[in-house]
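Enquirer: Here it is, the structure in full.
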Amino acid sequence: MDAFSKALQADTRTIITAPVIYQMKDFGQLAEQFGLGERDVVLTNEFIYKPFMESFNIPCQYVFQEKFGTQEPSEEMIETMYAAIPYDSYDRVIAIGGGAIMDLCKLLGCKRPASVHELYFKREPVVHEKEVIAVPTTCGTGSEVTNISVAIVKDEKDGVLTGGETKLGLVSDDIIPNKVVLIPEFVRTLPYRPFITSVIDALIHGTESFLSPSRKTITSEMYSVRAIELILEGLRRIAEGGEEARLDYLTEFVTASNLAGIAFLKAGCGTVHAMSFPLGGTYHVPHGESNYALFGKIMEIYEEYNPNGELMRFKEMVARILGCEKEDAIKVMNEMLEKVYHLKPLREYGFKESDIKDFAASVEANQQRLITNSYVQPWTQELSMRVYRECF
Ligand SMILES: NC(=O)c1ccc[n+]([C@@H]2O[C@H](COP(=O)([O-])OP(=O)(O)OC[C@H]3O[C@@H](n4cnc5c(N)ncnc54)[C@H](O)[C@@H]3O)[C@@H](O)[C@H]2O)c1
Ligand SMILES: [Fe+2]
């Protein structure tokens, strides 16, 4: 096992709940409670600012992410953001948006590095200096409670730029936001596709944390169980009542994705995330969707290899919520997911037959931190190839 996975398994904390978590009704309540004003930077999107913040006329410095680019954070985007928001112009950061904005706000709370590239390659220290308040507007990543900020950076080999790019996570407990405010109303404008794929991502966070063989604790299990229960019930309602059924259940979805984030910060994600990274990175499939493309198949294989153990407890939970026999739980859950969002074969994302071998090798080489958390141990390259082949 690699040193990083070993260190994670040796972590004696039973749970890491760094931020204080609030739930509020709107931006006005947040502004009043925290006394927002001119020394506060609000990082958000214009399409979230207009309906949810503008009318309160709170005199903060509003900065729209689209000014720097709408894609996932990159070295260039972060440099542009730094230039647009001088470090001495604010005391606090309030981030209101999806996972990308959550990741960006973590950097705004830290001392400016001489170079973003050096920061991500761990040659400059992470120094947290300003308070960060994170308000998620999607219900998936759980990034508002995690210690990681992901960015696309210029790739290096032996300290020399390769000319290519890669995705790297800056990891430090110092970048966990100080406060989290859940405002379920903010999710109302999120279109169905990013909504449902982010919810499925959160279901996978809960499931992988629940099945995590050595890093989970009784406490992390409590967070995953509640997250899974809430999400399955919400998905069941959408499967029966259609897309609009989500609108009466936003508080539960937002809370569940937050709980799942806390669960996986301790227990870790597993094979689904490991195998989804090459797919997302190569073919730019959004994170929740690339996880979904592999989730059902991986659960079937877990059942084939070890149907009892923790998976039996998972199936009992699914059976209780979806009203089926525990023996049928994985099949019924996958059928319900198909009803709420059509599962596409990998080739429809551009995946080629040769990727079956190449991606499996990449998972083996680069995702040990995640596959060491697999419910089936050891998770071999052959099993990865089988999943890619059967999802192809
Ligand atoms: N730090 C972590 O722990 C962590 C974990 C997983 C993913 N991530 C990162 O998070 C990002 C993905 O996050 P995401 O799934 O939330 O996607 P996202 O932040 O890209 O948001 C998805 C889309 O929905 C839009 N949107 C967000 N909220 C909206 C709302 N309320 N109404 C209308 N539109 C809205 C966004 O502008 C975007 O176009 C990636 O950059 C990924 O690397 C971070
Ligand atoms: Fe995820």
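The values are calculated or read from the model by the stated rules, or taken from the named source; none is laboratory data. The shown structure was predicted, so the numbers you read here are calculated from the model rather than taken from an experiment. For neighbour counting, all protein chains shown are included, and Cβ atoms are generated from backbone atoms with ideal geometry for every residue, glycine included. Protein only, heavy atoms only, side chains kept; ligands, DNA and RNA dropped before computing areas. Shrake-Rupley method; radii C 1.70, N 1.55, O 1.52, S 1.80 Å.
Enquirer: Within straight cross-link reach of K157, meaning Cα distance under 20 Å, which lysines are found once same-chain residues fewer than 8 apart are removed?
Expert: K122, K167
Enquirer: In vacuum, with every alpha carbon of the range 338-392 counted as one equal point scatterer, what does the Debye formula give for log10 I(q)/I(0) at q = 0.29 Å⁻¹? Two decimals, please.
Expert: Cα-only, vacuum Debye calculation for the range 338-392: -1.08.
Enquirer: Nearest 20 debye, what's the magnitude of the dipole of the range 3-185 about its Cα centre given +1 on Lys and Arg Cβ and -1 on Asp and Glu Cβ?
Expert: Magnitude of the dipole: close to 360 debye.
Enquirer: Volume per residue, Å³, of the convex hull around the alpha-carbon atoms of the range 98-182?
Expert: 85 Å³
Enquirer: Taking a quarter of the surface of the convex hull around the Cα atoms of the range 134-206, what do you get in nm²?
Expert: If you wrap the Cα atoms of the range 134-206 in a convex hull and average its projections, you get 6.8 nm².
Enquirer: I've got another one for you. In percent, how large is the relative contact order of the range 3-185, given Cα pairs closer than 8 Å and 6 or more residues apart?
Expert: 25 percent
Enquirer: Using only the alpha carbons of the range 3-185, determine the length spanned along each of the three principal axes and report them from longest to shortest in whole angstroms.
Expert: Over the range 3-185, Cα extents along the principal axes are 52, 39, 28 Å.
Enquirer: Pop the C-beta distance of A245 and K352 into the FRET formula with R0 = 51 Å and round what comes out to the nearest 0.05.
Expert: Working from the Cβ atoms, E equals 0.85.
Enquirer: A further question on this structure: Taking H placed 1.01 Å from N in the peptide plane, check which residues at least 5 places from E165 or on another chain put their amide H under 5 Å from its amide H.
Expert: So E165 has HN proximity to D155.
Enquirer: Here is a further query. Antiparallel DSSP bridges in the chain: what percent, to the nearest 5?
Expert: Around 30 percent antiparallel, to the nearest 5.
Enquirer: Here's another thing I want to ask about it. At 0.890 mPa s and 25 °C, plugging the Kirkwood radius over alpha-carbon pairs of the chain into Stokes-Einstein gives what diffusion coefficient in µm²/s?
Expert: Once the numbers are plugged in, D ends up at 114 µm²/s.
Enquirer: So, one more: Hey, got the Cα dimensions of the range 127-263 along the principal axes, in Å, largest first?
Expert: Projected onto its principal axes, the Cα set of the range 127-263 covers 54, 35, 30 Å.
Enquirer: Something else about it: Efficiency by 1/(1 + (r/R0)^6): what FRET value for E66 and K167, r their Cβ-Cβ distance, R0 = 25 Å, to the nearest 0.05?
Expert: 0.75
Enquirer: Please list, by residue number, everything in the range 167-192 whose backbone N is under 12 Å from a paramagnetic label point 7 Å out along Cα→Cβ of D26.
Expert: 185-186
Enquirer: I94's amide H: which non-local residues (gap 5+, or another chain) put their own amide H closer than 5 Å, with H modeled 1.01 Å from N in plane and none for Pro or chain starts?
Expert: HN-HN under 5 Å from I94: V41, V42, L43, I133.
Enquirer: Let me ask another. Place a +1 charge on the Cβ of each Lys and Arg in the chain and a -1 charge on the Cβ of each Asp and Glu, then give the dipole magnitude about the Cα centre in debye, rounded to the nearest 20.
Expert: Its charge dipole is roughly 440 debye.
Enquirer: If you average the sequence gap of Cα pairs under 8 Å that are 6 or more apart and divide by the length of the range 191-391, what percent do you get for the contact order?
Expert: 28 percent
Enquirer: While we're here: Which lysines have a Cα lying under 17 Å from the Cα of K179, excluding residues fewer than 8 positions away in the same chain?
Expert: Output for K179: K25, K106, K130.
Enquirer: Based solely on its DSSP helices, what 222 nm [θ] is calculated for the chain when runs of n ≥ 4 H residues each add -39,500 (n - 2.57) and the sum is averaged over all residues, nearest 500 deg cm²/dmol?
Expert: Mean residue ellipticity at 222 nm (helix-derived): -15500 deg cm²/dmol.
Enquirer: Taking the Cα centre of the range 303-359 as origin and charging only Cβ (+1 Lys, Arg; -1 Asp, Glu), how large is the dipole, in debye to the nearest 20?
Expert: With only Lys, Arg, Asp and Glu charged at Cβ, the dipole is about 180 debye.
Enquirer: Suppose a student asked you for the relative contact order of the chain, using Cα pairs under 8 Å spaced at least 6 residues apart; what percent would you report?
Expert: It comes to 16 percent, rounded to a whole number.
Enquirer: Now, a different point. What's the lysine pair count for the range 191-391 at a Cα cut-off below 19 Å, pairs eight or more apart or interchain?
Expert: Lysine pairs meeting both conditions in the range 191-391 amount to 14.
Enquirer: Could I ask something else about it? For the chain, which DSSP H helices look membrane-span-like by this rule: Cα extent along the axis of 24 Å or more and mean Kyte-Doolittle of at least 1.0?
Expert: 250-267
Enquirer: Mind running the shape call on the range 206-306? Use the C-alpha gyration tensor, a ≥ b ≥ c as the square roots of the eigenvalues: rounded below 1.5 for a/c, prolate if a/b tops b/c, oblate otherwise.
Expert: Cα axes put the range 206-306 in the oblate bin.
Enquirer: Something else about it: Which of A84, G99, S143 sits farthest toward the positive end of the charge dipole of the range 3-185, with +1 on the Cβ of Lys and Arg and -1 on the Cβ of Asp and Glu?
Expert: S143
Enquirer: In 10 Å bins starting at 0, how do the alpha-carbon pair distances of the range 191-391 split up by percent?
Expert: Reading upward from the zero bin: 9, 38, 39, 14, 1.
Enquirer: While we're here: If you count only protein heavy atoms with a 1.4 Å probe, what accessible area per residue comes out for the range 186-340, rounded to a whole Å²?
Expert: Computed with neighbouring chains in place, this is 35 Å² per residue.
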